[in-house]
1. Express in nm, to one decimal, how much length is gained between LYS190 and TYR4 on full extension, taking 0.36 nm for each residue of separation and deducting their alpha carbon distance.
2. In degrees from 0 to 90, rounded to the nearest 10, what is the angle of the helix 295-305 Cα long axis to the longest principal axis of the chain?
3. Starting from the 7 Å offset along Cα-to-Cβ, what nm value, one decimal, do you get for the label separation of LYS209 and ILE98?
4. Restricting to the stretch 157-354, what percent of DSSP beta bridges are antiparallel, rounded to 5?
5. With respect to the cross-link table entries LYS231/LYS332; LYS74/LYS287; LYS190/LYS268, which display a Cα-Cα separation exceeding 18 Å?
6. Which value, in debye to the nearest 20, gives the size of the charge dipole of the chain about its Cα centre, when Lys and Arg are +1 and Asp and Glu are -1 at the Cβ?
7. Could you sort out which of LYS195/LYS327; LYS89/LYS233; LYS277/LYS327; LYS309/LYS343; LYS213/LYS341 sit more than 29 Å apart by Cα distance in this structure?
8. Compute the angle between helix 127-153 and the longest alpha-carbon principal axis of the chain, please, reported from 0 to 90 degrees and rounded to the nearest 10.
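Every number in this text was worked out from the coordinates using simple rules, so none of it is lab data. These figures come from a predicted structure and were not determined experimentally. Glycine gets a Cβ as well: all are built from the backbone with ideal geometry, and neighbour counts include every protein chain shown.
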Amino acid sequence: MKNYISQFLKLLFQTVIFWTLAFCIFIFIRYFAIGAEEGFIATDYQISKILIFGCLLGLLIGILYAIVEFLFDKFLSKNLSLALVLSEKLIVYLIGIILSLNFVFPLAENKLDLSLTTEVGWWKTSRIFWLIVGYFIVCSIIFSFIKIANEKFGSGVFFNFLIGRYRTPKEEKRIFMFLDLQSSTTIAEKIGHYKYSELIQDCFYDLNKIVSKYQSEIYQYVGDEAVLSWKYKKGIKDNNCIALFFNFQNRIKKKEKLYLDKYGIVPKFKAGIHGGKLIVTEVGTIKKEIAYHGDVINTSARIQGECNKYNKTLLCSNILLEDIALKPMYKKEFIGDIVLKGKEETLKISTINQC
């Protein structure tokens, strides 16, 4: 619940700021529009007074937008088609805009002496209303595009993508986790490929619920494996790169009955973690993406590959553990100097358990 509240407040802040700026820009343009109808060329008034109502409208729409987007993203979108989700959102937003303008227009009419239509059913024939609706749709598309891009590339990465920061390779220090479903082949044979795909979908849906809480980014999905990444300082802060794994385990355990009823099994995951410097760059032309190149990724994958050998669920390199101040709730156990596949030098790794 605490995580949901934090995510909602973050979204609320973003939407209120975005829609306040959007409607202030809209009113600013209307204020200076020669020949504009319905009183928005009232040059006798200070623009600051008019923009107050832009802020008020932005606040109302921002709050509505945050509530609708949060409820649909977290609770409704998974089980509904995209067309139905968009239709339902559009209806809610249309009602919300009508109610918001019914509240703002009379205030603007009284305080600023503007000539605004406020009779019952005014919105059906009002040009300014449909202009606002069109403007809302355009701004909503822009907001959704930025939101989706941030979710795709990770917070802050999209901006770097736009300014071309990764056009040439850059060195960064990051942490990677390779998270893989245990006994995946056996499970697929047992429940069938269709059910297996649904199982993976449900598991990764649960994973996505907690990713932002631990300041992580999902780099990619490869079959039944998810590759997660952190900026180095964010990953070691509050044991984020370790806490995410155990929170994910606990989340699945809490839904044990649901998984048993639907699939006849409770999925278990294994993970390998490692960190260090690597290269990040933009690749592709037809399909562009941010790619990471370096030994850190290969080593993380191979550490995860050792989980079955030592019958452990979470293995971590000691190089990374040296920078992590483990909380009392976690206990590390040294495994040894391991020769990883494809490497000549040994690497010290440890297993981490939750007390």
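1. Working: separation 186, 0.36 × 186 = 66.96 nm, distance 3.49 nm.
Result: 63.5 nm gained on full extension.
2. With rounding to tens, the tilt is 60 degrees.
3. Inter-label distance under the simple model: 3.6 nm.
4. Values: 41 of 44 bridges.
That works out to approximately 95 percent antiparallel.
5. Working: LYS231/LYS332 23 Å; LYS74/LYS287 28 Å; LYS190/LYS268 15 Å.
Check vs 18 Å cut-off fails for LYS231/LYS332; LYS74/LYS287.
6. On the way: 45 positive and 33 negative charges, 194 e Å.
In debye, rounded to 20, the chain gives about 940.
7. Details: LYS195/LYS327 38 Å; LYS89/LYS233 38 Å; LYS277/LYS327 25 Å; LYS309/LYS343 17 Å; LYS213/LYS341 33 Å.
Result: LYS195/LYS327; LYS89/LYS233; LYS213/LYS341 exceed 29 Å.
8. 10
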